Amino acid sequence: MAIKQWMSIDQQSEILIKRRHLTANKNELNEILISENYFNFFNGLETIFLPVKYKHHISDKNFGHRHSIEEFKLVYKFDGNLETLISSKLRHFEQRLKTSVAYNFCAHHCYSLNDTMQYTNQDNFVDPACVSQFAFINDQNKDLSRHFNGGAYQEIGSDGTSNNRRYKKFNLFVNKYLDNLVDRNELIKENFYQDDSYFPPQNVAVYHNKPSVAVPFWVSIQYMTFGSMNVLCHFLNDNDIYSVLKDFKIPQDEFHKQVFLNTIDILVSLRNSCAHGNLISRYRSSSKIRIHNSLVRKYDLFVYSSDYFHKKNYILDLYGVLKILSIYENIEDIKETFLNFSHEFLFSQRGKTRKRRLKAYKNMLYRMGRKNNFYKNDKGTKKNKKDFHRYSDWINL
């Protein structure tokens, strides 16, 4: 594929209308090209509408006047509405997680005034390298122990050469954590969190100007990113993490600690995709994140590899990740959004237009990871079990 060169708005419109035969008014198309990202709006959605040669591989980039700019606008609007809903669910889950972690950790470690800053005491957490059979220690969790301790580590490259790489210590365990927290956040006033009766114990962060300053965990945790929360949860001891699971009403015997941590890995990946403005309907979980087998079995997830020669199954589509989100959040309004879009996109049309849109709609669902569960093919004969997807039909479309 050649590197794309810059083109003017008019040139882009000409290509879409005259060479790729998209049905559109040029003035309206120009307005869209000015306000929307071409890669997202057109490249990101075109595979839904383009003719399929075999196994969802497109034959060429010619719309053949079968689809209009209006259809692109409807799908793009649906994607935006879906992303907004999913982002709100993720923010709510993140807030619940922060609240639960702060409450339970403080109940176990910060129950007195002088213990207020015990959440910065590394001794109250667990180094993953010291945990027997810690999940994915050679995959997404391989650097956790190094961030737990910080410092330089020798690494062997693929060419056999060794290099020293320095890892930053996790921010809660840095000596200047409290200095950074107070000095970088205007809403945290040192005088408000000062108590002359407070005397910091050993191994906790101390404010350099006034040792009598201590910021409770339920305040400081609000300034942590979702990614940092994920790392923190991996450092919690069993007593703390299972208390958090209890808050989410997940029985300990039903949901192992490592499975819970794996779901957070996946939801952080989804959150990052939303934050960077990517089309949510094209979401794929990071290929660096392994999926726990218990999670796959329990929620009937379909995982696959992005590389044919790389046999480990890593990747989840949006449909599978929404199943994981539904463990913690009510997603009925997300289902409703699917239904509303299907009515607007499909049932407002008749004849050949509706048939073409139905095909595009199925392509979109396929790309999201929702495969057909029908037992019969187009000829009415029974399908082989390998021909259809294992997903349960939890979004009834």
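Restricting region 252-267 to residues that are over 16 Å from Met229 (Cα atoms) and either among the charged types (D, E, K, R) or not assigned by TED's automatic domain parsing to the domain that holds Leu232 (or both), the residue that is surrounded by the fewest Cβ atoms within 10 Å (Cβ to Cβ) is Asp253.
Tell me, which residue of region 43-79 that is among the aromatic types (Phe, Trp, Tyr) and in contact with a helix residue (DSSP H, G or I) (Cβ under 7 Å, 6 or more places away or on another chain) is modelled with the lowest pLDDT?
Top of the filtered list is Phe63.
If I ask for residues that are β-branched (Val, Ile, Thr) and in a helix (DSSP H, G or I), which ones from region 225-246 would you list?
Val231, Ile241, Val244
Being out of contact with any Phe, Trp or Tyr (no Cβ under 8 Å at 6 or more places or on another chain), of a type in the set (Lys, Arg), closer than 30 Å to Leu322 by Cα and surrounded by fewer than 13 Cβ atoms within 10 Å (Cβ to Cβ) is a property that Lys249 has. Only helices (runs of 4 or more DSSP H) whose full extent lies in region 288-345 are considered here, and the ones with at least 1 residues that are over 21 Å from His92 (Cβ atoms) and modelled with pLDDT under 90 are 293-298, 332-342. Please indicate, with yes or no, whether at least one residue in region 113-123 is outside any helix (DSSP H, G or I) and either of a type outside the set (Val, Ile, Thr) or in contact with a His (Cβ under 6 Å, 6 or more places away or on another chain) (or both). Yes, there is a match, as at least one residue in region 113-123 is outside any helix (DSSP H, G or I) and either of a type outside the set (Val, Ile, Thr) or in contact with a His (Cβ under 6 Å, 6 or more places away or on another chain) (or both).
Considering only residues of region 287-307 that are among the polar types (S, T, N, Q) and free of Cβ contacts under 8 Å to residues at least 24 places away in the same chain, which is surrounded by the fewest Cβ atoms within 10 Å (Cβ to Cβ)? The qualifying residue surrounded by the fewest Cβ atoms within 10 Å (Cβ to Cβ) is Ser306. Against the conditions (1) farther than 27 Å from Val231 by Cβ; (2) surrounded by fewer than 20 Cβ atoms within 10 Å (Cβ to Cβ); (3) in contact (Cβ under 8 Å) with a residue 12 or more places away in the chain, Asn340 satisfies every one except (3). Leu113 passes every criterion in (1) under 30 Å from the mean Cα position of the chain (by Cα); (2) aliphatic (A, V, I, L, M); (3) surrounded by fewer than 15 Cβ atoms within 10 Å (Cβ to Cβ) apart from (1). Of all residues in region 268-303, those being in contact with a helix residue (DSSP H, G or I) (Cβ under 6 Å, 6 or more places away or on another chain) and basic (Lys, Arg) number 1.
If you go through region 146-181 one residue at a time, how many are outside any loop (DSSP other than H, G, I, E, B), at pLDDT 90 or above and of a type outside the set (Phe, Trp, Tyr)?
7
The values are calculated or read from the model by the stated rules, or taken from the named source; none is laboratory data. Quantities reported herein were computed from a predicted structural model and do not represent experimental measurements. Every residue, glycine as well, gets a Cβ built from its backbone with ideal geometry; the counts of neighbours run over all protein chains shown.
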